Amino acid sequence: MTLRTIQTQPIAGQKPGTSGLRKKTRVFMGPQYLENFVQSIFDVVQAAGKTFVLGGDGRYFNDRAAQVILRMAAANGAARVIVGRDAILSTPAASHLIRLNKTDGGILMSASHNPGGPDGDFGVKFNTANGGPAPEAVTEAIYARSTEIGQYHIWEGQDLDLSRMGRQELGDMVVDVVDPVADYAALMERLFDFPAIRALFAGGFRMRMDSMNAVTGPYAVEILENRLGAAAGTVVNATPLPDFGGLHPDPNPIWAKALMDEMFAPPTAAFAAPDFGAASDGDGDRNMVVGRGIYVSPSDSLAVLAANAQLAPAYAQGLAGVARSMPTSAAVDRVAQAMGIAHFETPTGWKFFGNLMDAGKVTLCGEESFGTGSDHLREKDGLWAVLLWLNILARRGQSVAEVMADHWARFGRNYYSRHDFEGIPADRAEAMMARLRGRVSGLAGQKINGLLVAAADDFAYADPVDGVVSKGQGLRVIFDDGARFVVRLSGTGTEGATLRLYLERYAAGPEGLDLDPQMALAPVIRAAHLLADIAGFTGRESPDVVT
Ligand code: G1P
Ligand code: ZN
């Protein structure tokens, strides 16, 4: 083994967002690309003497990248790296290990729900000691470092055997290979009423968990089948594959269509749909839940979890508060009001929740984009949400449809949908946003498609913990009956611009709780198109993805 310092030159565009640096896999595999970025991280966080967690979602290049990162960590003087066996860790499991072992942070290899493989995406993200994504000051510093980098340090020699559990040495650094599942499963067992869920399965309750050939497979098999007694085969697509078997591991009704079809299939003499279905994404932080014949929107899921969390041991004392991202529906706000607890509205992205949780202001939080979590760690957590649902179903003794009907009868229903327009030329999308931004301030009091605008703005957020102000977080138009739409551009895509249109309309009930969401939202959809001229700017009349 030789310690080497290699001369390098900055590579343009290594700017990490809240989800880290995400690029085409081939870009990451290019000369010195990974090395430059990882050295930038180690320079900024001052790796010498530190302990880190390392793992990824198993996508193509995960194994090679792990070897490089380990050899660079050692060469930069890190004391210890805790790595999941075969370099596998789900994002929530990595967040938990960072906290459990009181490490100085971790490096997560994933591009979340983006497809994997040589033609797919890869990503690297640094999480800080609280277990959450690095704050903007850190990601900006990493980016700045990448623009001036001149050399990186690496041990050259044999690969480590990461399939072997236990301790190994790399130069002066210790590498501990750990079971990726064990600590996470133990945490879940502490949070939830496992005996009640076990009794539910023992009573014949049937579930389908679609791990989409991504990282949650081993976690779901261990927890659902081995510990909770769900029937063998409950978890499908349970082996993480480098290209996710060609699936797009994004748990929504479009990409998890096989699950949706099964859950909505009409009963026959030989077949009845499972009682409960769930799916998770590439790195395991997202979730979708679906009952027999009923889809639960992520915004509604967050509201139901908040309203019923006390049925789980970890939340029996009640919630400190709840938070949702601005485009997420206000369903959870109604629950918080009824419970007399605080609710927060943050910009899109998980990092804003971390501050609120570190300050003890919030216990549960979530986003409309299939992300839900709690203060048990500092990432969203797909299996956690699935287990809390199971806990609630077990303790209430009701079906998903019954739980939803009760919830809407009590709180009313926030009809909700997101329309995505993908692969738009960036200049067209920017032009549309600029025009709309110029118009929102003067909209109050005007009518669009017969709907009276009560307020409209470009959402800005002042963090109640550190006071940092985030501007330009999405254009929102709110009508006098509480209906609204929000328009923003995606910050996570790797090709062109993705325009997201978020739509919401409240029905107090008891009538009008059973509409098709697209029908219920039709007037708001029309108003958004009229105002933003989406077709004029993008050439698209209808969205590519509706969730
Ligand atoms: C998307 C989601 C957002 C989520 C992020 C990371 O970001 O909309 O809620 O936090 O992925 O999972 P966007 O592409 O909209 O910027
Ligand atoms: Zn993810």
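The values are calculated or read from the model by the stated rules, or taken from the named source; none is laboratory data. Owing to the predicted nature of the structure, the values given are computational and were not obtained by experimental measurement. A quick note on method: Cβ atoms are made from the backbone with ideal geometry, for glycine too, and the neighbour counts reach across all protein chains shown.
Hey, can you tell me all the residues within the stretch 267-288 that are closer than 30 Å to LEU241 by Cα and either away from ligand 2 (no atom under 16 Å from the Cβ) or of a type in the set (Lys, Arg) (or both)? Hits for the stretch 267-288 are PHE271, ALA272, ALA273, PRO274, ASP275, PHE276, GLY277, ARG286.
The set of residues from the stretch 500-529 being assigned to a helix (DSSP H, G or I), surrounded by 14 or more Cβ atoms within 10 Å (Cβ to Cβ) and of a type outside the set (Gly, Ala, Ser) comprises PRO517, PRO523, VAL524, ILE525, ARG526, HIS529. Cβ-Cβ contacts under 7 Å between residues 6 or more apart (or on different chains), taken from a first residue in the stretch 339-358 that is farther than 13 Å from VAL468 by Cα to a second residue that is within 16 Å of ligand 2 (Cβ to nearest atom) and among the hydrophobic types (A, V, I, L, M, F, W, C), are listed as PHE353/CYS365.
Out of all the residues in the stretch 332-351, is one or more crowded, with 22+ Cβ neighbours inside 10 Å and polar (S, T, N, Q)? Scanning the stretch 332-351, I find at least one residue that is crowded, with 22+ Cβ neighbours inside 10 Å and polar (S, T, N, Q), so the answer is yes. Filtered by the rule that a residue be away from ligand 2 (no atom under 16 Å from the Cβ), of a type in the set (Gly, Ala, Ser), touching a residue at least 24 places away in the same chain (Cβ under 8 Å) and closer than 22 Å to VAL545 by Cβ, the stretch 484-528 gives GLY496, ALA497, ALA520, ALA527, ALA528. Based on this model, can you work out whether ASP161 counts as of a type outside the set (A, V, I, L, M), away from ligand 2 (no atom under 16 Å from the Cβ), loosely packed, with under 15 Cβ neighbours inside 10 Å and free of Cβ contacts under 8 Å to residues at least 24 places away in the same chain? Answer is yes for this residue. Counting only strands (runs of 3 or more DSSP E) that fall entirely inside the stretch 209-324 and contain at least 3 residues that are within 16 Å of ligand 1 (Cβ to nearest atom), no element qualifies. From the list PHE201, PHE126, the one residue that fits, being under 21 Å from GLN67 (Cα atoms), aromatic (Phe, Trp, Tyr), surrounded by 18 or more Cβ atoms within 10 Å (Cβ to Cβ) and in contact with a Leu (Cβ under 9 Å, 6 or more places away or on another chain), is PHE126.
A single member of ARG488, ARG484, ARG476 is within 13 Å of ligand 1 (Cβ to nearest atom) and at pLDDT 95 or above, and it is ARG488. The stretch 451-498 holds strands (runs of 3 or more DSSP E) entirely within its bounds, and those carrying 1 or more residues that are touching a strand residue (DSSP E or B) at 6+ places or on another chain (Cβ under 6 Å), more than 15 Å from HIS529 (Cα to Cα) and of a type in the set (Asp, Glu) map to 451-458.
Among residues of the stretch 325-366 being acidic (Asp, Glu) and more than 16 Å from ligand 1 (Cβ to nearest atom), the one that is nearest to LEU302 (Cα to Cα) is ASP333.
Considered as a group, the residues in the stretch 367-382 that are among the polar types (S, T, N, Q) and within 13 Å of ligand 1 (Cβ to nearest atom) include one that is surrounded by the fewest Cβ atoms within 10 Å (Cβ to Cβ), and that residue is SER369.
Of the numbered criteria (1) surrounded by fewer than 16 Cβ atoms within 10 Å (Cβ to Cβ); (2) in contact with a helix residue (DSSP H, G or I) (Cβ under 9 Å, 6 or more places away or on another chain), the one MET72 fails is (1).
Table: residues versus (1) modelled with pLDDT under 95; (2) more than 25 Å from the chain's Cα centre (by Cα); (3) small (Gly, Ala, Ser); (4) outside any helix (DSSP H, G or I).
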| residue | (1), (2), (3), (4) |
| --- | --- |
| TYR152 | no, yes, no, yes |
| SER163 | no, yes, yes, yes |
| ALA186 | no, no, yes, no |
| PHE205 | no, yes, no, yes |
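For the stretch 423-450, a residue qualifies if it is free of Cβ contacts under 8 Å to residues at least 40 places away in the same chain and out of contact with any strand residue (DSSP E or B) (no Cβ under 8 Å at 6 or more places or on another chain), and the qualifying residues are ASP427, ALA434, GLY438, GLY442.
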